[in-house]
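Report on the following structure.
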Amino acid sequence: MSKRLFMATLALLLAPLAAAQQAVYPSKAIRMISSQAPGGGIDTLCRIVAPKLAEAFGQTVIVDNRPGANGSVAAEITAKSPPDGYTLMLGAVGNLATNVLFYKKLGYDPQVDLAPVTSAVSSVNVLVVHPSVPAHSVKELIALARKRPNQLAYGSSGAGGTGHMAGALFQRITKTQLLHVPYKGSGPAMVDLVAGHTQLGFASQPSVAGFIRDSRLRALAVTTARRSKLFPQLPTLAEAGVPGYESHAWYGFVVPAKTPQPVVSRLHQEIVRILHLPDTGQALLAQGFEAWTMTPEAFGAYIRSEADKWTRVIREAGINET
């Protein structure tokens, strides 16, 4: 028997076994990797979705926090995991679209090594300042930044993350110079901002809502084209004097490339269903999220469009790789 014939025969013999394995998916615990530290928006969403996914599948879903390098650590772990549906990651613009522009030795290619499952949520970013900053409006902040170039520091979840990109866009439009401080997740960035070690941030609603309500941070505006449902009194940056400004935080689920399509479809179906449940919607809104789902194909196209958009911003801002 020739080698080619042998391989073809073996494939035919194994096909029923592979189909049977997919039919009983999932048959063991699933690892949901959070690409941020506890306390960040991604971690919060994972802990909303994981219990409901476990209930739907009848299997344990373990949230595994793997922060670092703006989510690249988590993405590389996911990319190198077996493509069997038992590892999925909740990522964001950084580790799914823009990190390739910042990290020279990135251990994965998001376009090649990761397969989209669905976008998950969209969240407004909020421009906040520490109460010690003598600016009570966006215009006052711009004036202060122009007087103190590279002296006002803003933290983010890491180079290439939504907060970093929002700050880069702000500087480009307002012709100001801020000092960017990358952290290993939005949680640690918020700790330093609340403590006054940094002066401002472009942070997701889930990570700053409590601090705003407690007056530990002062909110000036939101980064989206529409006002926030959570803080409707806040103007958009465009309304506050930064014309053409628009940016939002988004998260989505991916799995290792070559994960069988029936498994991807099952994950997509269940996650989308969970995100649109009424009680999930209430939990999301309380954290400043809105369900925002699409097909795997559409999500893949959106990721590519985000990479193109922020590549232009990065190049115009002259931001260098790390």
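For the chain, the solvent-accessible area works out to 44 Å² per residue, with a probe of 1.4 Å and every protein chain left in place. Per-atom-type breakdown for region 263-322 gives carbon and sulfur 51% of the accessible area (1.4 Å probe, protein chains only). Between Ser215 and Leu277, the C-beta separation translates, for a Förster distance of 35 Å, into a calculated FRET efficiency of about 0.55. Couplings for region 250-266, taken from phi via the Karplus curve 6.51 cos²θ - 1.76 cosθ + 1.60 with θ = phi - 60°, read 9, 10, x, 9, 9, 10, x, 4, 6, 4, x, 4, x, 6, 4, 5, 5 Hz in order; Gly and Pro are left as x. Using a simple charge model, +1 on the beta-carbon of Lys and Arg, -1 on the beta-carbon of Asp and Glu, nothing else, what dipole does the chain show about its Cα centre, in debye to the nearest 20? In debye, rounded to 20, the chain gives about 460. So in region 125-279, what percent of DSSP beta bridges are antiparallel if you round to the nearest 5? Once the DSSP bridges in region 125-279 are tallied, antiparallel ones form about 55 percent.
The distance separating the Cα centre of region 112-169 from that of region 43-69 comes to 27 Å. Taking the helices alone, the chain has a mean residue ellipticity at 222 nm of -13500 deg cm²/dmol, built from -39,500 (n - 2.57) per DSSP H run of at least 4 residues and averaged over all its residues. Ordering Gly91, Met294, Val117 by Cα displacement along the dipole of the chain toward the positive end leaves Gly91 in first place; charges were set at the Cβ atoms of Lys, Arg (+1) and Asp, Glu (-1).
The angle separating the long axis of helix 138-147 from the principal Cα axis of greatest extent in the chain is about 80 degrees.
Rolling a 1.4 angstrom probe over region 76-198 with all protein chains present gives an accessible area of which 54% lies on carbon and sulfur atoms.
Counting 0.36 nm for each residue step from Val63 to Lys80 and taking away their Cα separation leaves a gain of 4.4 nm. The H on the amide N of Leu178, modeled in the peptide plane, is under 5 Å from the matching H of Asn150, each at least 5 residues off or on a different chain. For region 172-201, the set of trypsin sites (Lys or Arg not before Pro) satisfying both a DSSP loop assignment and a count of at most 15 other C-beta atoms within 10 Å is given as Lys175. Between helix 296-317 and the chain there is an angle of about 40 degrees, using the helix long axis and the longest principal axis of the Cα atoms. Length available on full extension from Glu316 to Lys147: 0.36 nm per residue minus the Cα-Cα distance, which gives 58.6 nm. Proximity of backbone amide H atoms, modeled 1.01 Å from N, is registered between Leu217 and Ile212 at under 5 Å, excluding neighbours fewer than 5 places apart on the same chain. When only alpha carbons are used to place a centre, region 280-306 and region 197-269 end up 11 Å from one another.
With a Förster radius of 35 Å applied to the C-beta separation of Gln261 and Glu55, the computed FRET efficiency comes to 0.90. Of the cross-linked pairs Lys147/Lys229; Lys28/Lys105; Lys104/Lys184, those separated by over 29 Å at the C-alpha level are Lys147/Lys229; Lys28/Lys105.
The values are calculated or read from the model by the stated rules, or taken from the named source; none is laboratory data. Values in this document were obtained by computation on a predicted structure and should not be read as measured data. Cβ sites come from the backbone with ideal geometry, for glycine too, and all protein chains shown count toward neighbours. All accessible areas refer to the heavy atoms of the entire protein, side chains included, with ligands and DNA or RNA removed. Shrake-Rupley method; radii C 1.70, N 1.55, O 1.52, S 1.80 Å.
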